[in-house]
Amino acid sequence: MNLFDRIKNFRPSPITLILLGAIAYVWFRPPAQVTDDNRPLSQVTVNQLDGQSIDLQSLRGKVLLVNYWATWCPYCRHEMPAMEKFYQDYKARGFEILAVSIDDDPAKVAVFMRKEGYHFPVAMSAPALNSVIGKVSTVPTSFLIDKQGRVRKKISGQVHYARLEELVEPLLKE
């Protein structure tokens with residue numbers, strides 16, 4: 001029997017299929033760890049890719065997701081369409097995103113954002129912002145900031161639409 005015949009006649013067991021399904025689920029939607037936080041956000045100004053500066057304190061009254069990411073990160077790239085959809089659906093309700101790239105080349109990040117059609121603001125990682133927001137050891141990592149300017153949640157791992165709804169809705173109602 002040749003290799004083609006073996007592959008053609010391969011019949012995986014139900015356990016194998018379940019395991020493969022679980023691996024695929026974790027690969028494409030790894031569970032994010034959400035930790036509670038409750039600390040004020042110090043004043044910090046960031047320069048966005050479009051050249052505009054923004055003081056995060058000026059976003060008081062909105063719920064802000066600060067998302068650390070990189071163009072080379074597959075999990076980051078996988079979560080961004082959901083973030084864009086959520087941003088479009090919720091920005092009129094007082095939700096804002098600031099995507100903070102840890103890439104070295106701002107031009108590469110700008111090309112990526114334009115090519116993929118993402119519309120939320122983007123800044124490059126900077127020591128001042130990093131010291132105010134909190135420690136980021138892996139990407140993607142996100143921080144949720146409430147309307148009063150307090151860091152409320154740290155999300156280590158990939159976010160998806162349903163998780164954003166679960167975390168953001170209560171903050172919008174406050």
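Since every read-out is calculated from the coordinates, none of them should be taken as a lab result. This is a predicted model, so every value here is computed, not measured. All Cβ positions, glycine included, derive from the backbone under ideal geometry; neighbour counts span all protein chains shown.
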Tyr161 to Val111: extension gain in nm, 0.36 nm per residue of separation minus the Cα-Cα distance? 15.6 nm
Helix-only [θ]222 nm of the chain, DSSP H runs n ≥ 4, -39500 (n - 2.57) each, per residue, nearest 500: -12000 deg cm²/dmol
At Asp104 and Gln48, where each label point lies 7 Å from the Cα along Cα→Cβ, what is the point-to-point distance in nanometres? 2.8
Mind checking the dipole of the chain: about its Cα centre, +1 per Lys or Arg Cβ, -1 per Asp or Glu Cβ, Debye to the nearest 20? 340
Beta bridge orientation in the chain: antiparallel %, DSSP, nearest 5: 65
Between Glu169 and Arg6, what is 0.36 nm times their sequence separation minus the Cα-Cα distance? Round to one decimal in nm. 53.5 nm
Can you tell which of Glu96, Glu116, Glu84 shows the greatest fluctuation in a Gaussian network model of the chain with Cα springs below 10 Å? Glu116
Range of Cα positions in region 32-173 per principal axis (Å), largest first: 36, 30, 29
